[in-house]
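Have a look at the structure below before the remarks.
The values are calculated or read from the model by the stated rules, or taken from the named source; none is laboratory data. Given the structure is predicted, the values throughout are model-derived calculations rather than measurements. When we count neighbours, we look across all protein chains shown, and the Cβ atoms used for this are built from the backbone with ideal geometry, even at glycine. The accessibility values were calculated without ligands, DNA or RNA, using every heavy atom of the protein model including side chains. Shrake-Rupley method; radii C 1.70, N 1.55, O 1.52, S 1.80 Å.
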Amino acid sequence: KEELRIVDIIDEGLNVKTFRFKRVNGERFSVFAPGQFLSFQIKDDVKLLRSYSISGSCENTSTLQVSIKHIKDGVGSGWFHSLKKGDFVMAFPPGGHFTDEREALEQQRVFVGGGIGITPLISMIKTAIDRSTGSPMALFYGMASTKDLVFHEELLNLAATYKNFKYYPILSPGAKGWDGDTGYINYDYILSKMDLSPTDQFYFCGPPIMTDSISESLLSHGHESGHIHSEKFASPVSFDEGNIPKRQVQVKIKAQSLAYDGKESLLEFLEDNNVEINFACRSGVCGECKCKLISGKVDSITDSGLTALDKKEGHILTCVSRPLSDIELDV
């Protein structure tokens, strides 16, 4: 972790603020990939972390920025929205596998965003434009009403300026003061706006009810699973701990067998039992806390922090996983 100074706060509307940071030592940030995120320590609690996607271009390494929506009862977002210019925060370096940097420049990118899920997508778009890659890009952005459209004017200007970028905002049925498309983003809506090819790359960040259904349609129409990418942060306010069953199982690590009795995450359980394990987000996206599941079954909220090879080799993310049976781990 290192200390960063807030050098600017921009009110984007609808409880969304963009926070820009500089390094305290004055040096530029290391090169990062479009679509990655920053994990922040909230207040003085070293285990209370929140991760937010970078919303700026990778070509700007003098500052980094994240755009955060204030969520009701959100510990991290509430704290951030109480900060002011000149305040300091503790942050981990940029991380995450949700990026289009590995794909060929000529491949068309199809971005689908909903809510504050627009942030990693706009980073990819801005970076491609700043680098003059010429990659064909289309953004489908669904929101409930006109006031919910964050970065709307900026995206309209980018689409009007750059021929390789198309922008398709769509609002929920009955949205007032809107003469654009209404309805919901689905496979048929995407096809009504553009032609798709087998080489297209798809990037989703938004409500699972939207992104999962489109992914299923793409797969059923012959698109490869390796061309479908999604970011799924496991925010503590996104699920009800009351619905997590309490379990009594054994967790075996090397020659040691530990009694698990409760509903805490495996990362918390390992920490409580003095098992050293790395972490850098505690929300299932950085991959630092991964370990190999030798035997048994676990329930994982997300696997965004795992690569395809990680999954094939049987790795899990301990910060978002809970045992369903007796398990053995290679930590």
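Summary table below
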{"item": "Every residue from region 288-304 that is of a type in the set (K, R) and assigned to a loop (DSSP other than H, G, I, E, B)", "result": "K297"}
{"item": "Complete set of residues in region 288-318 that are open to solvent by 20 Å² or more (accessible area, probe 1.4 Å), farther than 19 Å from H229 by Cα and not small (G, A, S)", "result": "E288, K290, K292, L293, I294, K297, V298, D299, E313"}
{"item": "Any hit, region 66-83, residues being under 15 Å from the mean Cα position of the chain (by Cα) and open to solvent by 20 Å² or more (accessible area, probe 1.4 Å)", "result": "yes"}
{"item": "Count - residues of region 112-135 that are open to solvent by less than 30 Å² (accessible area, probe 1.4 Å), within 17 Å of the chain's Cα centre (by Cα) and not polar (S, T, N, Q)", "result": "11"}
{"item": "Total residues in region 40-56, condition closer than 20 Å to G287 by Cα, surrounded by fewer than 20 Cβ atoms within 10 Å (Cβ to Cβ) and touching a residue at least 12 places away in the same chain (Cβ under 8 Å)", "result": "4"}
{"item": "Residue, surrounded by the fewest Cβ atoms within 10 Å (Cβ to Cβ), within region 162-172, restricted to residues that are outside any loop (DSSP other than H, G, I, E, B) and of a type outside the set (A, V, I, L, M)", "result": "K166"}
{"item": "Meets criteria (open to solvent by less than 30 Å² (accessible area, probe 1.4 Å), in contact with a Ser or Thr (Cβ under 8 Å, 6 or more places away or on another chain) and outside any loop (DSSP other than H, G, I, E, B)) for V285", "result": "no"}
{"item": "Residue that is least open to solvent (accessible area, probe 1.4 Å), among those in region 191-205 that are in a loop (DSSP other than H, G, I, E, B) and free of Cβ contacts under 8 Å to residues at least 60 places away in the same chain", "result": "P198"}
{"item": "Unmet criterion (only one of (1) open to solvent by 50 Å² or more (accessible area, probe 1.4 Å); (2) touching an Asp or Glu at 6+ places or on another chain (Cβ under 8 Å); (3) part of a strand (DSSP E or B)) for E59", "result": "(3)"}
{"item": "Options A159, A175, A138: the member that is open to solvent by less than 60 Å² (accessible area, probe 1.4 Å) and either touching a Pro at 6+ places or on another chain (Cβ under 8 Å) or at pLDDT below 95 (or both)", "result": "A175"}
{"item": "Scope region 92-104; condition under 26 Å from R5 (Cβ atoms) and open to solvent by 30 Å² or more (accessible area, probe 1.4 Å); matching residues", "result": "F92, P93, P94"}
{"item": "Qualifying residue in region 186-194 (condition: closer than 17 Å to G56 by Cα and not charged (D, E, K, R))", "result": "no"}
{"item": "Count of region 1-39 residues which are of a type in the set (K, R), without any contact (Cβ under 8 Å) to a residue 60 or more places away in the chain and touching a Lys or Arg at 6+ places or on another chain (Cβ under 7 Å)", "result": "1"}
{"item": "Matching entry among D188, D181 (being open to solvent by less than 70 Å² (accessible area, probe 1.4 Å) and either touching a helix residue (DSSP H, G or I) at 6+ places or on another chain (Cβ under 9 Å) or among the aliphatic types (A, V, I, L, M) (or both))", "result": "D181"}
{"item": "Selected residue (criterion: most open to solvent (accessible area, probe 1.4 Å)) from residues of region 15-39 that are assigned to a loop (DSSP other than H, G, I, E, B), of a type in the set (A, V, I, L, M) and touching a Ser or Thr at 6+ places or on another chain (Cβ under 9 Å)", "result": "V31"}
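Conditions (1) touching a Ser or Thr at 6+ places or on another chain (Cβ under 7 Å); (2) more than 30 Å from I122 (Cα to Cα), marked per residue:
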| site | (1), (2) |
| --- | --- |
| K163 | no, no |
| W178 | yes, no |
| Y187 | yes, no |
| T211 | yes, no |
| P245 | no, yes |
| K252 | no, yes |
| Q256 | no, yes |
| A259 | no, yes |
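To keep it simple, each residue is scored yes or no on (1) among the small types (G, A, S); (2) closer than 30 Å to K47 by Cα; (3) in a loop (DSSP other than H, G, I, E, B); (4) open to solvent by less than 40 Å² (accessible area, probe 1.4 Å).
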site	(1), (2), (3), (4)
K85	no, yes, yes, no
M90	no, yes, no, no
E106	no, no, yes, no
V110	no, no, no, yes
G142	yes, no, no, yes
